[in-house]
Amino acid sequence: MKVLAIESSCDDTSAAVVVNGNKVLSNIVSGQDEIHNCFGGVVPELASRSHLKAVQPVVATALEKANVQLEEIDLIAATQGPGLSGSLLVGFSYAKALSQVTSIPFVGVDHMAGHILSILLEVQDVKFPFISLIASGGTTSIFYVENETTFTHIGRTRDDAAGEAFDKVAKVLGLPYPGGPHISKLAEKGNPKAIKFPRAWLDKDGFDFSFSGLKTSVLNHHNKLTQKAELTADESFDLCASFQDAVADVLVTKTIMAAKKFNMGSIVLGGGVSANGYLRNKFKEQCTVEKLKFLVPHPLLCTDNGAMIAVAGYHKYSQSGADTLDLDVYSRSQLG
Ligand code: KG4
């Protein structure tokens with residue numbers, strides 16, 4: 001079955017053609033970083049207007065690169081939510097219109113389900129159930145994943161998402177948006193133990209996260225240093241490395257705690273923050289110690305992309321068939 005999928009939940013317009021939920025024929029991503037860069041974050045109205053311009057050429061390129069005609073597509077999938085409503089509506093309405101004129105079945109797909117299942121694009125024998133950590137700019141959540149369509153949300157951030165914390169700290173340091181990759185690059189030259197930033201463990205046995213206290217602590221530290229003089233290169237390397245270590249520490253510890261509590265043999269990562277090399281290594285090390293299998297997709301499949309929506313759409317359609325075209329988007333997570 002050939003699935004054409006469209007993703008437009010935030011600031012990336014993406015379309016992909018994927019066969020049988022695992023073979024990627026094309027996965028085109030058109031970003032908007034240069035539009036939002038000077039604002040230090042995504043401006044919703046600019047994002048939706050940019051999706052309007054990009055969606056048609058991105059879909060055409062995905063079909064062309066896959067060497068597939070629209071008539072050969074068996075299913076059209078689009079991100080239904082969570083995300084920015086204006087952005088979601090562009091890709092979602094475009095996909096529904098394509099379905100209407102071609103009579104190809106349509107499914108709306110949860111963005112988080114896409115992130116959770118993106119590992120299926122690379123690893124054929126993923127064993128269910130598993131624990132999944134999804135850490136991105138919009139969310140930081142832990143899921144108990146029973147199978148390809150059944151997910152239970154067991155933990156979530158109570159304030160900022162991990163990626164949002166990376167982006168806000170980057171903004172203070174004058175780094176471009178999105179800040180995660182820039183912080184990670186500077187952190188390579190710093191000492192992760194140089195500054196003892198706080199970790200929010202919240203309830204001892206719970207799986208919720210909080211990153212706003214850490215973010216404030218980094219800002220206070222930065223303000224203290226810059227009262228006397230500009231930050232030196234070494235000071236900013238250490239600040240980035242210590243901040244990154246604090247985020248990774250909480251993400252790794254809580255996810256492993258969840259795997260142990262639910263007696264799971266494996267942990268699967270997804271979402272933009274899981275492209276972070278330091279976090280990936282810390283997970284790898286700790287999972288080896290705890291005898292847990294650790295799986296994370298290629299960094300390009302961690303950030304928003306259409307192929308992950310195609311996988312989730314394929315499984316949703318196989319389980320429950322097509323959606324009707326009166327389906328609406330949602331901005332808050334409805335998974336589990
Ligand atoms: O999953 P994603 O592409 O979009 C959302 O659904 O949010 O994630 C984007 C987020 C941004 O906050 C970005 O700063 C962060 O992922 N990110 C990273 C890295 N690459 C992207 N954070 C830390 N280290 C990275 N290498």
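The values are calculated or read from the model by the stated rules, or taken from the named source; none is laboratory data. The shown structure was predicted, so the numbers you read here are calculated from the model rather than taken from an experiment. We place every Cβ from the backbone using ideal geometry, glycine too, and count neighbours over all the protein chains shown. Heavy atoms of the whole protein, side chains included, go into the accessibility calculation; ligands, DNA and RNA do not. Shrake-Rupley method; radii C 1.70, N 1.55, O 1.52, S 1.80 Å.
Applying the selection to the stretch 7-21, what residues are crowded, with 16+ Cβ neighbours inside 10 Å and more than 15 Å from the ligand (Cβ to nearest atom)? Result: ALA15, VAL17, VAL18, VAL19, GLY21.
Would you check if THR79 is in contact (Cβ under 8 Å) with a residue 12 or more places away in the chain, out of contact with any strand residue (DSSP E or B) (no Cβ under 9 Å at 6 or more places or on another chain) and either among the acidic types (Asp, Glu) or under 22 Å from VAL17 (Cβ atoms) (or both)? So THR79 does not fit the description; no. With respect to the conditions (1) under 19 Å from SER136 (Cα atoms); (2) open to solvent by 30 Å² or more (accessible area, probe 1.4 Å); (3) among the hydrophobic types (A, V, I, L, M, F, W, C); (4) not in a loop (DSSP other than H, G, I, E, B), LEU214 lacks only one, and its number is (2).
Filtering LYS215, LYS171, LYS185 for residues that are within 14 Å of the ligand (Cβ to nearest atom) and more than 23 Å from LEU269 (Cβ to Cβ) leaves a single hit, LYS171.
Filter the stretch 272-285 down to the residues that are within 17 Å of ILE183 (Cα to Cα) and out of contact with any Gly (no Cβ under 7 Å at 6 or more places or on another chain), then identify the one that is nearest to the ligand (Cβ to nearest atom). Ranking the qualifying residues of the stretch 272-285, first place goes to ALA275. The single condition among (1) assigned to a helix (DSSP H, G or I); (2) away from the ligand (no atom under 16 Å from the Cβ); (3) open to solvent by 30 Å² or more (accessible area, probe 1.4 Å) that LEU231 does not meet is (1). Condition first: open to solvent by 50 Å² or more (accessible area, probe 1.4 Å) and touching a helix residue (DSSP H, G or I) at 6+ places or on another chain (Cβ under 7 Å). Now tell me which residues in the stretch 172-192 satisfy that. Residues satisfying the conditions are VAL172, HIS182, LYS189, ASN191.
Checking the conditions here, which among ASP245, ASP249 is open to solvent by less than 10 Å² (accessible area, probe 1.4 Å) and within 16 Å of the ligand (Cβ to nearest atom)?
ASP245
The rows are residues; the columns are (1) closer than 30 Å to ASN263 by Cβ; (2) within 16 Å of the ligand (Cβ to nearest atom).
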site	(1), (2)
ILE104	no, no
SER118	yes, yes
THR152	yes, no
ALA162	yes, yes
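Hey, does the stretch 255-278 have a residue that's of a type in the set (Lys, Arg), modelled with pLDDT of 95 or more, more than 16 Å from GLY155 (Cα to Cα) and out of contact with any helix residue (DSSP H, G or I) (no Cβ under 7 Å at 6 or more places or on another chain)? No, there is no match, as no residue in the stretch 255-278 is of a type in the set (Lys, Arg), modelled with pLDDT of 95 or more, more than 16 Å from GLY155 (Cα to Cα) and out of contact with any helix residue (DSSP H, G or I) (no Cβ under 7 Å at 6 or more places or on another chain). Criterion applied to ALA60, ALA66 was being of a type in the set (Gly, Ala, Ser), modelled with pLDDT of 95 or more and under 30 Å from LEU295 (Cα atoms), and the one residue passing it is ALA66. Scanning the stretch 26-64 for residues that are in contact with a helix residue (DSSP H, G or I) (Cβ under 9 Å, 6 or more places away or on another chain) and not in a helix (DSSP H, G or I) yields a count of 10.
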